[in-house]
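No value in this document is a laboratory result; all are computed from the given coordinates. Fair warning: this is a prediction, and the values are worked out from it, not measured in the lab. Here the Cβ positions follow ideal geometry from the backbone for every residue, glycine too, while neighbour counts run over all protein chains shown.
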Amino acid sequence: MGERKFILLVEDNKDDELLMLRALQRNQIPNEVMVTRDGVEALDFLFATGAHVGRDVSQLPQVVLLDLKLPRVDGLEVLRRLRADPRTRLLPVVILTSSKEEADVMQSYALGANSYVRKPVDFAQFTETMRTLGIFWLLLNEIPPVPRVASS
Amino acid sequence: MASDARLGNKLGLASGVCSAFVGVLGLAVLVGWVLDIDLLERTHPPLGSMKPLSALAFAMSAGALWLQREPGRAGRTGRALGWAVALLGLVTVVEYVTGHEIGIERLLFGDAVRLESTLTPGRMSPVTAVHFILLGLAAALLDARAGRAHRPAEWLALAVALASLLALLGYLLGARSLYAVGSYPSIALHTTIGFLVAAAAVLLARPDHGLMRLITSATPGGHLARRMLPAALLVPAVLGLLRLRALRSGAVGFELGLALFCAANIVCFTGLVLWNARALAQLDESRRRAEDAVRASEESLAITLDSIGEAVVSTDADGRVGRMNPVAEALTGWREAEATGRDCDEVLRIVKADTRESLPSPVGRALRGDVVARPIERALLVARDGGEHAITGSSAPIRDASGVLRGAVVVLRDRAPEERAEQVLRESEARKAAVLEASLDCIVTMDHTGAIVELNGAAERDFGFTRAAAIGRQLGDLMIPVALRERHRLGVERYLADGQSRILGRRIELSALRADGSVFPAELTVSRIHSTGPPMFTGTIRDITERQRAAEALQASESRFRRLFESGLIGIVVADSSGVICDANDAFLRMVGSSRDALTAGLLDWGELAPPTGPGTDRPAHPPPGEQPVERELHCRDGGRVPVLLGVTQLDETSTIAFALDLRERRRAEAAIASLRRERASDAKFRALLEAAADATIITDRYGIVMLVNGRTEVMFGFPREEILGQPAGRLVRGAAPDGARGELGSTVELVGRRKDGSDFLIEVSVSPIETEDGLLVSNSIRDITQRKEAEAVLRRARDEAEIAIGELEAFSYSVAHDLRTPLRAINGFSSALLEDWGERLDDEAREYLSRIRGGASNMGQLIDALLTLSGVSRVGLLREPVDLTQLAKEVAAQLSGGEPGRRVDFAIEDGLEQMGDPQLLRVVLENLLGNSWKFTSRQKASHIQFGSAPGEAAVYYVRDDGAGFDMKYADKLFTPFQRLHQPGEFSGTGIGLATVHRIVRRHGGRIWAEAAEDRGATFWFTLSG
């Protein structure tokens, strides 16, 4: 992937994935979306391990949209590992989930989530939400420069 | 040059003998002349005759020398005689020289001299006259000196001796020219001998002066001279005579004679020299040894002097300082080197201690031969720097072996250390005396004879006699009662005999005698004073009359107390400050049913026996000492209670003593009387009532003693009535039951009851007072709650299980609710996608259906959210903090108005409403209630919504609207989940909102209710209990 501003979506539900892509599309957000199906895949992608060995680690997404309920490694664990690694410590992560449980919200922010967004059931609201997210994280927000860390 | 004194004496004697010989010779010749005894005049004709004048001169010379044997007054006469002899000689010489005859001979001796056939008859020869001049001068000048060490008398005498020796040799060898001068008369042989002897007498008269001193000295020179001189005089003379005889006899030729003479001389003198050399060598050797010995002796003397603790100064015979030891240097301030040779009195300036006047010089005294070691006392030595030292000392002359005074020695001792020691001793003595006097005990010192040596003021006081009267008296007679005197005497005797004592160093009690004859008990300790000399003893005697009296009083008091303690009438306890009982009598142990073993083991604790009474007080376990005795109950270890009358007093600083009078008998008697009285007086109905009661009922007095029980009690506890009556009710419960009679009247407590067989069971006891004419009684209604407790336990378990199950269920439904949202989102999302992308291809009906699918999914999403909220209300923790309800309501109102800006709704929100509670949950309450009002007023053009509170003890809040309202007959369904009072078409809603509100209000400990009428608005009231 070149010097493009892309989005990493971590979502196991294909329905949600489809709806999200549609919402982005309808909001004229042209950025490429990289989709990973669970926590392990997401981490492999970001740290260029496993199936993604050889990927340029310095190519980080503009924002990670992270579901909490994920197979294998859940969203909170993914977040913890991202924040523990100097390369991804400052990577913007938006929690995008069905839960509005207070414990989940608190824990996410405690682990360093940049934002916590609940997926609305209503598609109109959902589209609106995605639009807002897109504008903010892809257009308005300046991401920090990629730290110079020797890749493993 | 030391001269040999003994030799000197001998020579002096020899001089006297020579003088006497000369005198006798002269006198004998004179007598011979006077009586004309020829033999005396002339010994042998060819040897010449001694003239009378010569004889006279000899006698005068002898007199001169005799008189001058010792230097003294007679010496003057001696010298005059000497001069007279010289004058005689001189006159004779003048006669010969001038040829003029003076005729002294005739003048003196008349015609006797004429018989002489010589030219000058009776006149002595000129040689003789010269001899007499020399001899006379020698005798006259015997003690005169010419220049240093030159004595003319010696030389004169030597000249006489030499001349007469020549004359003698002339006679011996037949050489006339040696004794006669020309035709003048010759000197007679015995005159010659007289001159020789007289010269010897002169020389020997002063053996310690001049040449003679050398000869007589103990030096090797003197030694040598004494050995050689006789040989030097005799050997040549004898050898010469022998040689002459040999020559005259013709047996030996001249040359041979001379050779033999020389050889004999050589042999004699060589032998003599060798003999002397050996003697000298021996002498030198012995002298060297002596010198070594002297040096060693001097060194040891020097070391001795240096190490001696006293100042030692020695002087020579002139009183000049010779040696000083370091102590002397320190004392005087003079260095030995500086002082040596100075006058000793300059170095040792000694003055009288009191008057500072000079004392006679000790050296001077010693040199004058003053008494040896005469002490110097009360004197001060003035040091060189003017400092004064108190000294004692002595001086003595130094004499050598022959008794000659060689000098003096002064020994001085610095008295400063001694004076300090004396001062210390004096002070110590003074202190001891002060202690002795100050002592409260009598202190008496006795010597080995038993006589009193010293006693102090206390002894004077206690024994009643004065020191003056006591000292010197026998202690036994004065201080010891008659009955004990013999023992005292024997004791002292035994100690003196074998050192054994039964008294020394021990404390004994005995009787002592006062001066007035009275006897008092005393405590005595005797110690021996260790000193030189016979032993002395010091006794310390204390009058113990008072002590004995006190001891007796104490004993009496103790025995009284012991009788009381052991009487058994009253319980006596001694407890320490922590409440542990240290001692108790049998009566007390019986009272509380304890054993002495338990007491000894420290198991009895006052705090347990009499625990603090009254709720919430920390009153001491027993009344403070000094208060009036109080009635209390003691808690026995077996659970029984013993009523006692308790008096407490402080025993000492750390312990208290308590007296407990057992009131049980009295209580029983009282109870029996009361019971009798009651039985007579009480209503039969009361008894019937009691018996009919479903609960076991026990009536006690206010001390907890059982007075009445009913049949249920007997059944419940298994005790026959007789065994309970009169006993403490506490026996029927386990452990320390609350004191029903005192503390908790009117209350209900749960206790553990104890049956007769010892088994326990749960009871509930209701305690209520009964005022009777006999005073306060207590009724205890007792219910066996074993079954109830079991049922409660079952119920509690069921509830716990249910709670767990509910918790699990809620967690499950929460999870499910979340998961349900995902498919709803898919339904909604894809319906929307269909509508948006393919809507134009569908007919109206299909679009309608898709819209309904979307709406249904949305509704279900809201429903799930509402359910989640509802479940969250009971699951999340409840905060309690001040919440500004007014502010909260305004925010909600603004939110609602913002959502539908077109509506005209007037919100009236009361100011200053503040409430303790959970802000999040209270927001949910207001959102629901105000939201409902907003919703149900949506059909009207204008509406009013109020939020406020009704005044009262606890605030009652309300939310009021003038909307659709509802029929009050459905009010009971308002707060049930999913219950709706309106058609979904009329007003939207999930049916969960009020259920949620209801639950929040309940969780805040409040209540909620509603008032409403259809189309006339509704009011929801709720309270929150802070």
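Return the FRET efficiency for the residue pair B:Ala401, B:Ser559: r is the Cβ-Cβ distance, R0 is 56 Å, and the value is rounded to the nearest 0.05.
Plugging the Cβ-Cβ distance into 1/(1 + (r/R0)^6) gives 0.05.
Eigenvalues of the Cα gyration tensor times 5, then square-rooted: what semi-axes does that give for region B:423-491, in whole angstrom, largest first? Walk me through the numbers before you get to the answer.
Values: eigenvalues 124, 38, 19 Å².
In descending order the semi-axes read 25, 14, 10 Å.
Quote the FRET efficiency, to the nearest 0.05, computed for B:Ser655 versus B:Glu691 with a Förster distance R0 of 60 Å and r equal to the Cβ-Cβ distance.
The calculated FRET efficiency here is 0.70.
For a quick size check, give me the Cα extents of chain A along its three principal axes, largest first, whole Å.
Here the spans come out as 44, 34, 27 Å, largest first.
Read phi for every residue in region B:258-265 and hand back ³J(HN,Hα) as whole Hz from Karplus 6.51 cos²θ - 1.76 cosθ + 1.60, θ = phi - 60°, with x for Gly and Pro.
Ordered by residue, 3J(HN,Hα) equals 4, 4, 4, 4, 4, 4, 4, 4 Hz.
Just checking the output field for A:110-120: average partner chain Cβ neighbours within 10 Å of each residue's Cβ?
Averaged over the peptide's residues, the number is 1.
With the Cα gyration tensor of region B:291-334 giving a ≥ b ≥ c as the square roots of its eigenvalues, does the rule (a/c under 1.5 for rounded; else a/b larger than b/c for prolate; else oblate) give rounded, prolate or oblate?
Oblate shape, in that a/c is at least 1.5 and b/c is the bigger or equal ratio.
Just counting partner chain Cβ atoms within 10 Å, what average do the residues of peptide B:859-867 show around their Cβ?
2
Would you mind calculating the relative contact order of chain B from Cα pairs under 8 angstrom and at least 6 residues apart, reporting the percent as a whole number?
Here the relative contact order equals 4 percent.
When averaged across all projection directions, what area in nm² does the alpha-carbon convex hull of chain B cover?
122.1
Given a cut-off of 39 Å, what percent of all Cα-Cα pairs of the protein assembly as shown lie beyond it?
80
Which three semi-axes in whole Å describe the equivalent ellipsoid of region B:758-797, each the square root of 5 times a Cα gyration tensor eigenvalue, listed largest first?
32, 12, 5
Which value in deg cm²/dmol, rounded to the nearest 500, describes the helix-derived mean residue ellipticity at 222 nm for chain B, given -39,500 (n - 2.57) per DSSP H run of n ≥ 4 and division by the residue count?
Helices in chain B give a 222 nm mean residue ellipticity of -16500 deg cm²/dmol.
By how many nm would the segment from B:Arg668 to B:Arg847 grow when fully extended, if each residue of separation counts as 0.36 nm and the alpha-carbon distance is taken off? Walk me through the numbers before you get to the answer.
Values: separation 179, 0.36 × 179 = 64.44 nm, distance 10.10 nm.
Full extension of this stretch gives 54.3 nm more.
Neighbouring Cβ atoms within 10 Å as the yardstick, rank B:Phe58, B:Phe21 fewest first.
Result, fewest neighbours first: B:Phe21, B:Phe58.
Using amide H atoms built in the peptide plane, which far-off residues or other-chain residues are under 5 Å from A:Val35 H to H?
A:Leu9
Rounded to the nearest 500, what is chain A's calculated 222 nm mean residue ellipticity when only DSSP H runs of at least 4 contribute -39500 (n - 2.57) each, over all residues?
On the way: 5 runs with 53 residues, N = 152.
Mean residue ellipticity at 222 nm (helix-derived): -10500 deg cm²/dmol.
Between B:Ser577 and B:Arg335, 0.36 nm times their residue separation minus their Cα-Cα distance comes to what? Mind showing how you got there, number by number?
On the way: separation 242, 0.36 × 242 = 87.12 nm, distance 8.12 nm.
Taking B:Ser577 through B:Arg335 to full extension adds about 79.0 nm, to one decimal.
Stokes-Einstein D for region A:72-152 at 4 °C, 1.567 mPa s, Kirkwood Rh over Cα pairs, in µm²/s?
Details: Rh = 14.1 Å.
So the translational diffusion coefficient is about 92 µm²/s.
Return the single residue from A:Val64, A:Val93, A:Val35 with maximal mean-square fluctuation; model: Gaussian network over chain A, springs between Cα atoms under 10 Å.
Looking only at A:Val64, A:Val93, A:Val35, the biggest GNM fluctuation is shown by A:Val35.
Given H placed on each backbone N at 1.01 Å, which residues far from B:Arg641 in sequence or on other chains put an amide H within less than 5 Å of it?
Under 5 Å from the amide H of B:Arg641: B:Cys636.
Identify the trypsin sites (Lys or Arg not before Pro) of region B:810-904 meeting these criteria: DSSP loop state and at most 15 other C-beta atoms within 10 Å of the C-beta. Each step should come with its number before you reach the end.
On the way: sites: B:Arg821, B:Arg825, B:Arg841, B:Arg847, B:Arg852, B:Arg854, B:Arg875, B:Arg880, B:Lys890, B:Arg903, B:Arg904; in loops: B:Arg880, B:Arg903.
The qualifying sites are B:Arg880, B:Arg903.
How large is the dipole of chain B about the Cα centre if only Lys and Arg carry +1 and Asp and Glu carry -1, each at its Cβ, rounded to the nearest 20 debye?
In debye, rounded to 20, chain B gives about 6740.
May I ask you to evaluate 6.51 cos²θ - 1.76 cosθ + 1.60, the Karplus curve with θ = phi - 60°, for each residue of region B:879-896 and list the ³J(HN,Hα) values in order in whole Hz, giving x for glycine and proline?
In residue order, the calculated couplings are 7, 10, 8, x, 10, 7, 5, 4, 4, 4, 4, 5, 4, 4, 4, 4, 4, 5 Hz.
List the pair-distance distribution P(r) of region B:302-415, using every Cα-Cα distance, as the percent of pairs falling in each 5 Å bin from 0 up to the bin containing the longest distance, rounded to whole percents.
Distribution as computed: 2, 14, 24, 27, 21, 9, 3, 1, 0 percent.
Collect residues whose amide H, placed 1.01 Å from N in the peptide plane, falls under 5 Å from the amide H of A:Val63; neighbours closer than 5 in sequence don't count.
Answer set, sorted by chain and number: A:Leu8.
Would you mind checking B:Lys756/B:Lys789; B:Lys935/B:Lys973; B:Lys890/B:Lys969; B:Lys890/B:Lys973; A:Lys5/A:Lys100; A:Lys119/B:Lys973 for any pair whose Cα atoms are more than 27 angstrom apart? Present the calculation step by step, with values, prior to reporting the outcome.
Details: B:Lys756/B:Lys789 22 Å; B:Lys935/B:Lys973 19 Å; B:Lys890/B:Lys969 32 Å; B:Lys890/B:Lys973 29 Å; A:Lys5/A:Lys100 29 Å; A:Lys119/B:Lys973 33 Å.
From the list (B:Lys756/B:Lys789; B:Lys935/B:Lys973; B:Lys890/B:Lys969; B:Lys890/B:Lys973; A:Lys5/A:Lys100; A:Lys119/B:Lys973), the Cα-Cα distance tops 27 Å for B:Lys890/B:Lys969; B:Lys890/B:Lys973; A:Lys5/A:Lys100; A:Lys119/B:Lys973.
As an exercise, use a Förster radius of 25 Å and the Cβ-Cβ distance of B:Glu723 and B:Leu603 to find the FRET efficiency, rounded to the nearest 0.05. Numbers along the way, then the final one.
On the way: r = 28 Å, r/R0 = 1.12.
Plugging the Cβ-Cβ distance into 1/(1 + (r/R0)^6) gives 0.35.
Would you work out the relative contact order for region A:28-152, in percent, from Cα pairs under 8 angstrom that are 6 or more residues apart? It would help to have the intermediate numbers written out before the result.
Working: 144 pairs, mean separation 29.0, N = 125.
After rounding, I find 23 percent.
Averaged over B:830-841, how many beta carbons belonging to a partner chain fall within 10 Å of each residue's beta carbon?
The per-residue average across the peptide is 2.
What trypsin sites (Lys or Arg not before Pro) does region B:250-358 have in DSSP loop regions with at most 16 other beta carbons within 10 Å? Numbers along the way, then the final one.
Working: sites: B:Arg278, B:Arg287, B:Arg288, B:Arg289, B:Arg295, B:Arg320, B:Arg323, B:Arg335, B:Arg342, B:Arg349, B:Lys352, B:Arg356; in loops: B:Arg335, B:Arg342, B:Arg356.
Those satisfying the criteria are B:Arg335, B:Arg342, B:Arg356.
When you count, for each residue, the other Cβ atoms within 10 Å and take the mean per peptide, how do B:431-444, A:98-111, B:860-873 rank with the highest first?
The peptides rank, most packed first, as B:860-873, A:98-111, B:431-444.
Hey, got the Cα dimensions of region B:321-479 along the principal axes, in Å, largest first?
71, 38, 27
Ranking request for peptides B:384-394, B:242-252: highest mean number of other beta-carbon atoms within 10 Å first, then the rest in descending order.
Going by the mean number of other Cβ atoms within 10 Å, highest first, we get B:384-394, B:242-252.
Provide the gained length on full extension for the span B:Ala421 to B:Ala798, in nm with one decimal, where the gain is 0.36 nm per separating residue minus the Cα-Cα distance.
Extra length available between B:Ala421 and B:Ala798 comes to 125.3 nm.
Kirkwood hydrodynamic radius (Cα pairs, Å) of region B:233-288? Before the final figure, lay out each step's value.
Numbers: mean 1/r = 0.0777 Å⁻¹.
Kirkwood radius, region B:233-288: 12.9 Å.
Along each of its three principal axes, how wide is the spread of alpha-carbon positions in region B:447-601, in whole angstrom units, largest first?
72, 35, 29
Place the peptides B:521-527, B:187-193 in order of packing, highest mean first, counting for every residue the other Cβ atoms within 10 Å and averaging per peptide.
In descending order of packing, they fall as B:187-193, B:521-527.
Report ³J(HN,Hα) in whole Hz for each residue of region B:516-530, in order, from the Karplus equation J = 6.51 cos²θ - 1.76 cosθ + 1.60 where θ = phi - 60°; Gly and Pro get x.
Per residue, the Karplus-derived 3J(HN,Hα) values read 7, x, 6, 10, 9, x, 9, 10, 10, 10, 10, 10, 8, 8, 8 Hz.
How far apart, in nm, are two points set 7 Å out from the Cα along the Cα-to-Cβ line at B:Gln940 and at B:Leu258?
20.5
What nm value, rounded to one decimal, do you get for the distance between B:Ala434 and A:Ala110 when each label is placed 7 Å out toward the C-beta?
Modelled inter-label distance: 8.5 nm.
At 7 Å along the Cα-to-beta-carbon direction for both B:Asp36 and B:Ala469, put a label point, then send me their distance in nm to one decimal.
Going from the B:Asp36 label point to the B:Ala469 one covers 11.6 nm.
Give the Kirkwood hydrodynamic radius (Å, one decimal) of region B:782-897, defined as one over the mean of 1/r across all pairs of different Cα atoms. Numbers along the way, then the final one.
Values: mean 1/r = 0.0520 Å⁻¹.
One decimal place: 19.2 Å for the Kirkwood radius.
What Kirkwood hydrodynamic radius do you get for region B:546-608 when you take the inverse of the mean 1/r over all pairs of distinct Cα atoms, in Å?
12.9
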